[in-house]
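Beneath this line is the structure, given in structure tokens, with notes to follow.
The values are calculated or read from the model by the stated rules, or taken from the named source; none is laboratory data. What you see is a predicted model, and the numbers here were worked out from it, not measured in a lab. We place every Cβ from the backbone using ideal geometry, glycine too, and count neighbours over all the protein chains shown.
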Amino acid sequence: MSSEIYAVLKPVHHLLAQVTSAFVARQIAREVSRQIDSGTCAERLQHRLTTWLNGTMSDEIRDPGRWLLGVALPRWGCGYADCESGMIWRTRTACELCAEIVQDKAARERARRAAEGLCLQHGTLPGPSGHCIDCALEAAAARPTDVPAQRVVEGPERGACSECGVVIFMTGHALNDSLCKPCREELHPDTASAPRAVAAVPAPAQPRTGTPVPVEPVEESGPRTCQGQEGDAPCTREALPLRRFCRRHVVQGIAGVVA
């Protein structure tokens with residue numbers, strides 16, 4: 001294959017590399033040479049190859065050699081030599097002869113459908129209403145439908161905590177700081193309530209004397225550190241009473257379970 005012919009086939013070099021038959025490769029080179037000798041310029045051939053390549057899925061080209069010889073390289077159009085798939089190559093305008101051929105073909109097809117009692121547009125049998133199923137579907141798709149109004153949620157306005165992201169009601173202090181109660185108590189300890197003592201549970205009656213032994217309320221131990229993680233580092237916040245995590249990690253855990 002000469003360098004000139006190889007340059008003309010530049011848009012399909014990747015397909016040409018997949019042609020394993022030397023005979024098919026020679027046939028491709030001869031076809032390109034024949035069209036160039038007959039007056040087809042290299043730019044027109046490259047445009048034709050590019051157009052067909054862009055309009056064809058790669059998985060549809062199972063045999064690159066046969067596709068090049070039977071689809072991409074031949075000129076498609078009417079008998080006018082300057083027609084290139086319905087377009088005049090020199091003027092880049094639509095070919096009038098091809099348009100007339102298409103109109104005549106469509107008219108003959110409509111006449112055939114009318115003679116057979118078929119739908120003129122789709123070529124299918126009409127139903128009892130006089131319209132085919134395709135016409136009925138198109139009419140139904142074009143018919144406007146009533147869009148239901150969006151349901152308005154009753155109650156206070158809802159928002160998201162600016163610290164942990166949990167959904168909260170925008171009432172009270174949340175209107176000013178956009179924080180949930182645990183985050184507000186964590187960020188503003190002065191507003192937090194004092195730690196509560198664990199309620200004392202009366203001990204069961206002793207089997208011998210029958211008198212209960214009073215149990216002193218168990219006060220909470222000193223502040224403990226949260227066992228959660230902040231990224232790769234451990235959390236340094238104070239854990240909640242009787243819990244191993246801080247308020248933020250507890251809220252995030254609850255939000256994850258609900259989601």
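At-a-glance table
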{"read-out": "Residue ranges of helices (runs of 4 or more DSSP H) in region 1-106 with at least 1 members small (Gly, Ala, Ser) and modelled with pLDDT of 85 or more", "value": "3-8, 22-37, 42-54, 64-67"}
{"read-out": "Within region 107-121, considering residues that are in a loop (DSSP other than H, G, I, E, B) and hydrophobic (A, V, I, L, M, F, W, C), the one farthest from Ala139 (Cα to Cα)", "value": "Leu118"}
{"read-out": "Only listed residue being within 25 Å of Ile101 (Cβ to Cβ), surrounded by fewer than 14 Cβ atoms within 10 Å (Cβ to Cβ) and of a type outside the set (Lys, Arg), chosen from Gly55, Gly86, Gly77", "value": "Gly55"}
{"read-out": "Selected residue (only one of Gly165, Gly155, Gly117 is within 25 Å of Ile254 (Cα to Cα), at pLDDT 80 or above and not hydroxyl-bearing (Ser, Thr, Tyr))", "value": "Gly165"}
{"read-out": "Any hit, region 37-49, residues being under 30 Å from Cys119 (Cα atoms) and either outside the structural domain of His122 (by TED's automatic domain parsing) or of a type in the set (S, T, N, Q) (or both)", "value": "no"}
{"read-out": "Where Ala111 falls short, out of the listed (1) out of contact with any helix residue (DSSP H, G or I) (no Cβ under 7 Å at 6 or more places or on another chain); (2) at pLDDT 85 or above; (3) closer than 30 Å to Val24 by Cα", "value": "(3)"}
{"read-out": "Sole residue being assigned by TED's automatic domain parsing to the domain that holds Gly55 and closer than 30 Å to Cys41 by Cα, chosen from Leu97, Leu69", "value": "Leu69"}
{"read-out": "Condition check for Ser193: under 41 Å from the mean Cα position of the chain (by Cα), part of a loop (DSSP other than H, G, I, E, B) and either surrounded by fewer than 13 Cβ atoms within 10 Å (Cβ to Cβ) or modelled with pLDDT of 85 or more (or both)", "value": "no"}
{"read-out": "Candidates Arg208, Arg224, Arg247, Arg243 - the one that is surrounded by fewer than 10 Cβ atoms within 10 Å (Cβ to Cβ), of a type in the set (Lys, Arg) and modelled with pLDDT under 85", "value": "Arg208"}
{"read-out": "Pairs with Cβ under 8 Å, 6+ apart, first in region 230-248 and farther than 14 Å from Pro182 by Cα, second in a strand (DSSP E or B)", "value": "Pro234/Thr225; Cys235/Thr225; Cys235/Gln229; Thr236/Thr225; Thr236/Glu230"}
{"read-out": "Condition broken by Thr124, with the remaining ones in (1) among the polar types (S, T, N, Q); (2) within 29 Å of Gly79 (Cα to Cα); (3) outside any helix (DSSP H, G or I) satisfied", "value": "(2)"}
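Residue-by-condition table, conditions (1) exposed (fewer than 10 other Cβ atoms within 10 Å of the Cβ); (2) under 30 Å from Cys246 (Cβ atoms); (3) not assigned by TED's automatic domain parsing to the domain that holds Ile254:
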| site | (1), (2), (3) |
| --- | --- |
| Cys132 | no, no, yes |
| Cys135 | no, no, yes |
| Thr145 | yes, no, yes |
| Ala149 | yes, no, yes |
| Cys164 | no, yes, no |
| Val167 | no, yes, no |
| Thr171 | no, yes, no |
| Ala174 | no, yes, no |
| Asp177 | no, yes, no |
